[in-house]
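Below is one structure; the comments refer to it alone.
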Amino acid sequence: MNWKKIALVSSVAVGGGALAFVTGGLAAPFVGSLIGGAMGLSGAAAASAGLAALGGGALAVGGGGMAAGTLVVAGAAAVAAAGGAGKLASMVPVERRCNECDVLIEGRDTACGNCGVKQS
């Protein structure tokens, strides 16, 4: 197991997800307006109705209201960004060293250029 690679991918995925959660929350009123506009509303009423619809309905009828709708939008953005950031980070090469002579192995070589020992 390569713990450096696991730490790199995990930290990038968590950081990307956290950043997207914040920016997704900031974009939630726009998303709510799009949904509310599809309902035939405009302005602040569209944003409120759209976010309440995403949140499971208004608070008065037992739904989560606009706050839950904002969390849905921010959470969806965070999940998508964490997956994408983790995938990109997993493509970054991590330093490899020979098990015998501790020399840095370049690229994707399967044998050490110094001592010739095959690497796994």
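At-a-glance table
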| read-out | value |
| --- | --- |
| Yes/no for Val72 being of a type outside the set (D, E, K, R), within 16 Å of Gly25 (Cα to Cα), surrounded by fewer than 16 Cβ atoms within 10 Å (Cβ to Cβ) and in contact with a Gly (Cβ under 9 Å, 6 or more places away or on another chain) | no |
| All positions within the stretch 96-112 that are modelled with pLDDT of 70 or more and in a loop (DSSP other than H, G, I, E, B) | Cys98, Asn99, Glu100, Cys101, Asp102, Val103, Cys112 |
| Filtered residue count, the stretch 24-43, keeping only those that are in a helix (DSSP H, G or I) and surrounded by 14 or more Cβ atoms within 10 Å (Cβ to Cβ) | 11 |
| Single unsatisfied condition, Val61 versus (1) surrounded by fewer than 16 Cβ atoms within 10 Å (Cβ to Cβ); (2) in contact with a Pro (Cβ under 7 Å, 6 or more places away or on another chain); (3) of a type outside the set (S, T, N, Q) | (2) |
| Pair list, Cβ < 7 Å and 6+ apart or interchain, from the stretch 72-84 residues that are without any contact (Cβ under 8 Å) to a residue 40 or more places away in the chain to residues that are in a helix (DSSP H, G or I) | Val72/Leu54 |
| Residues being more than 24 Å from the chain's Cα centre (by Cα) and either under 13 Å from Ala82 (Cα atoms) or of a type outside the set (S, T, N, Q) (or both) - total across the stretch 2-51 | 12 |
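The values are calculated or read from the model by the stated rules, or taken from the named source; none is laboratory data. These figures come from a predicted structure and were not determined experimentally. Backbone-built Cβ (ideal geometry, glycine too); neighbour counts: all protein chains shown.
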